[in-house]
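One structure is given here, and the rest of the page talks about it.
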Amino acid sequence: MARARVAKTSFNNGEIDPKADTRPDLDLYRTGARKIRNALPIPQGGVIRCPGLLYKATIPDLAAGGIPNAVDVEFRFSTTQAYKIIITADHLRVYLNGVLQTTVVSVWTNAQIPFIKWTQNLDTLLLFHEDVPTKQFVRGGSHTVWTLSNWDFINIPTYIFGKAIPTNILTASATTGTGITFTAGGAEFIAGDVGKYIRYSIGGLAKITGFTSTTVVTADILTDLGNVKAEGEEWFIEEEIISSGRGYAKSGAFHQGRLMLAGFKSRPDTQVSSRSQAPHDLNSREADDLSPDFGWQITAQSSSVVNFQNIFVANHVIILADDGEWYIPISETTPLTPTNVLLKETSSRGSKIGAQAVIADDGPIFIEKAIDGNTGIAIREMVFVGDTRKAYKSDNISLVAGHLIVDPVSIAIQKGGIQGAVTESDYVYVVNSDGSCAIFTTLREEAVKAWCLRTSAGLIKTVGVDQGRVGFLVERTIGGTPTLMLEEFDPLVLMDSAVSGTGAATQATLAHLVGEEVAVYVDGTFQGLKTVPVGGVVVFDQPAVTSWHVGLQFPVVYNTEDRVWIETLNAELALPEGLPIGKKKRIPSITAVVENTTGLYLQGRNIPTQKYGTGLLDQAPPAFTGNLQKRGFLGWDEFGRVSVTQREPAFLTLKALSYEVSVG
């Protein structure tokens with residue numbers, strides 16, 4: 001019988017896909033885990049209990065009934081003021097520090113909500129949807145004053161939309177001016193052409209203002225005509241690419257004083273820029289004179305149909321399409337002009353249709369689409385490869401934890417760690433269609449790239465980050481009725497949909513959880529479970545002196561009782577005779593190195609964390625820091641894994657594990 005001691009000092013590769021759990025030859029095996037559920041890897045190497053969710057508000061049902069679709073948008077007004085805007089088909093709800101400030105009537109349908117994109121410039125938030133005119137949501141003179149209105153464009157680019165090429169000669173009564181008569185040699189016009197444009201291939205553009213007959217229209221000349229006469233096939237009728245008939249822009253971003261638009265309902269492969277310092281003006285008609293401040297209209301050149309979904313600004317202007325990733329290869333320090341702009345395809349993965357993306361260090365992190373375009377299959381990050389290809393690559397950052405990605409529907413990034421917890425890394429939150437949330441801990445300079453999974457007693461629907469606060473919209477069934485709740489991560493809270501407080505208290509009010517069983521945690525002690533009565537007031541068994549919080553327990557994730565689950569990979573030791581794959585193994589002893597911990601189980605066995613001594617009666621035991629050692633674990637299996645779990649609300653920071661493995 002062989003024996004060895006294993007030191008598990010890092011979980012910096014997070015939970016590993018079961019497809020890779022027989023690869024002890026990989027470096028990630030040493031710092032990976034079989035399961036990290038409702039726990040969170042931290043860049044120092046350890047794992048903490050996932051923060052609980054603090055209840056903030058209940059989002060009302062739609063006026064027509066039913067749980068609304070919603071998006072969570074951050075609006076950063078200043079370095080000290082960041083608003084959370086929850087958009088549904090009924091209202092835009094504005095929150096500051098979790099407190100509702102005002103509501104504004106919405107203009108989108110419930111089906112349109114998940115496809116809204118947004119960008120911000122100073123006090124203005126622009127909201128895009130291909131079937132709704134671009135909207136501006138503007139903060140007024142106080143937290144409670146907001147207005148929603150159209151963001152109107154002028155000098156909108158035009159395009160020939162399927163109209164037959166004219167065959168008759170067209171003659172204008174003048175080459176410049178307004179109210180100019182255009183006469184065709186045969187029937188070319190219809191009454192619906194009013195508002196459209198006549199373009200001469202030799203130069204000149206006019207907007208049709210009146211219809212006289214199928215051969216005569218009146219127009220205002222916008223760009224002087226090169227000649228009064230144009231032969232058939234030398235003039236065309238064009239339409240604006242932004243209109244009620246042709247649809248609107250799908251996405252936008254501000255860059256170098258321009259508003260950059262990408263993807264239009266009628267021109268999905270087109271990118272348009274406004275004039276410099278004039279974000280309402282899309283004038284590209286005079287670009288022939290090479291004026292650097294004018295806008296442009298460019299179309300992706302590809303062998304397949306391109307459908308732009310998102311546009312972002314990082315080191316370059318980056319555009320995500322449903323079949324690939326594009327960028328404008330001009331450095332952010334070089335001004336973009338109509339003469340130097342071009343689109344370059346840099347990878348061909350494709351972004352899930354309708355899904356928003358987030359900006360990381362070099363470029364966006366996005367949801368990769370499946371073949372159908374409507375299903376997400378992976379999470380990718382665009383990284384610039386400047387020394388070799390001078391292009392972007394789209395790395396699959398969820399490759400080793402692909403089992404945690406289940407058709408994602410919402411994504412957000414939190415930079416610089418969780419508010420209220422010293423973690424120092426970035427976190428990417430990916431809400432799955434099954435109501436779970438995969439969380440990616442990343443700190444590139446320290447090679448930290450760890451996935452885990454967070455679940456709650458309900459369905460997590462969306463995620464958003466404002467001023468470091470991570471907010472979730474969670475659908476919970478309360479008293480048999482589905483209800484949508486806004487809740488925020490709080491590392492000092494051990495439950496979900498919780499309420500908390502400090503100072504003396506004898507009770508807590510949870511009107512939003514009437515009829516539900518909740519956990520009560522007072523002054524560092526778990527007082528047990530109670531059912532919230534009618535009226536919502538839960539009375540403590542012992543009054544609180546310093547602090548309290550009450551809420552729903554985490555759901556069971558392992559066996560029948562464990563609500564937090566951390567488990568090592570198989571103990572495949574490098575023995576002289578080779579790897580012991582398939583051989584029986586036993587774990588006789590385990591040492592858990594913990595910090596500020598108030599409860600845990602090892603291999604399903606409760607491990608006391610309190611130390612007894614004088615002066616500790618009638619008060620909560622202090623959190624434990626140090627080594628928790630336990631021997632006498634029985635049982636043989638083929639795996640040799642160690643599980644660290646929690647069943648009751650308790651704080652946990654697991655820094656390392658050391659355990660003995662016997663191989664039969």
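Figures for the structure shown
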{"quantity": "R0 of 25 Å, Cβ-Cβ distance Thr546-Gln610: FRET efficiency to nearest 0.05", "calculated": "0.90"}
{"quantity": "Check: the chain dipole with +1 on Lys, Arg Cβ and -1 on Asp, Glu Cβ, in debye", "calculated": "1920 debye"}
{"quantity": "Hz values of 3J(HN,Hα) by residue in the stretch 529-538 - Karplus curve (6.51, -1.76, 1.60), Gly and Pro given as x", "calculated": "9, 9, 9, 6, x, 4, x, x, 8, 9"}
{"quantity": "Estimated inter-spin distance, Asn396 and Leu62, nm [label 7 Å along Cα→Cβ]", "calculated": "3.6 nm"}
{"quantity": "Convex hull volume per residue for the stretch 275-360, taking Cα atoms only, in Å³", "calculated": "119 Å³"}
{"quantity": "Stretchable slack from Ala2 to Val104, in nm (0.36 nm times residue separation minus alpha-carbon distance)", "calculated": "29.8 nm"}
{"quantity": "Directionally averaged shadow of the stretch 212-286, computed from the convex hull of its alpha-carbon atoms, nm²", "calculated": "7.0 nm²"}
{"quantity": "Partners for Lys8 among aspartates and glutamates (Cα-Cα distance below 18 Å; same-chain residues under 8 apart left out)", "calculated": "Asp21, Asp25, Asp27, Glu446, Glu567, Glu572, Glu595, Glu660"}
{"quantity": "Highest-first arrangement of 110-118, 392-400, 501-509, where packing means the average Cβ count within 10 Å", "calculated": "392-400, 110-118, 501-509"}
{"quantity": "Length released on extending from Ala370 to Thr175, taking residue separation times 0.36 nm less the Cα-Cα span", "calculated": "64.9 nm"}
{"quantity": "Which labelled figure in (i) 1.11; (ii) 1.17; (iii) 1.01 is Cα Rg over 2.2 N^0.38 Å, once derived from the coordinates", "calculated": "(ii)"}
{"quantity": "Inter-label distance, nm, simple model (7 Å from Cα along the C-beta direction), Glu475/Asp361", "calculated": "3.7 nm"}
{"quantity": "Cα-based Rg of the stretch 326-374 normalised by 2.2 N^0.38 Å, two decimals", "calculated": "1.40"}
{"quantity": "Tensor-based shape of the stretch 91-181 (alpha-carbon gyration tensor, a/c under 1.5 rounded, otherwise prolate or oblate)", "calculated": "prolate"}
{"quantity": "Peptide ranges 474-483, 316-325 listed from the most packed, as the mean C-beta count within 10 angstrom indicates", "calculated": "316-325, 474-483"}
{"quantity": "Spacing of the two label points (7 Å from each Cα toward its C-beta) at Glu231 and Asn596, in nm", "calculated": "8.2 nm"}
{"quantity": "Greater than 31 Å apart at Cα, pairs in Lys369/Lys415; Lys117/Lys196; Lys35/Lys344", "calculated": "Lys35/Lys344"}
{"quantity": "Three semi-axes of the equivalent ellipsoid, the stretch 354-480, Cα gyration tensor, whole Å, largest first", "calculated": "26, 19, 12"}
{"quantity": "Ranked by how many other beta carbons lie within 10 Å on average, peptides 596-609, 170-183, 626-639 from highest", "calculated": "596-609, 170-183, 626-639"}
{"quantity": "Residue-by-residue Karplus 3J(HN,Hα) for the stretch 168-174, coefficients 6.51, -1.76, 1.60, Hz, glycine and proline x", "calculated": "9, 5, 10, 10, 9, 6, 6"}
{"quantity": "Contact order normalised by residue count of the chain, Cα under 8 Å, 6+ apart, percent", "calculated": "14 percent"}
{"quantity": "Helix-derived mean residue ellipticity, 222 nm - over the chain, DSSP H n ≥ 4, -39500 (n - 2.57), to 500", "calculated": "0 deg cm²/dmol"}
{"quantity": "Sites Thr9 and Ile330, calculated FRET efficiency, Cβ-Cβ separation with R0 56 Å, nearest 0.05", "calculated": "0.80"}
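None of the figures in this text is laboratory data; all of them are computed from the coordinates on show. Keep in mind it's a predicted model, so treat the numbers as computed, not measured. Heads up, the Cβs are rebuilt from the backbone with ideal geometry, glycines too, and the neighbour counts pull from every protein chain shown.
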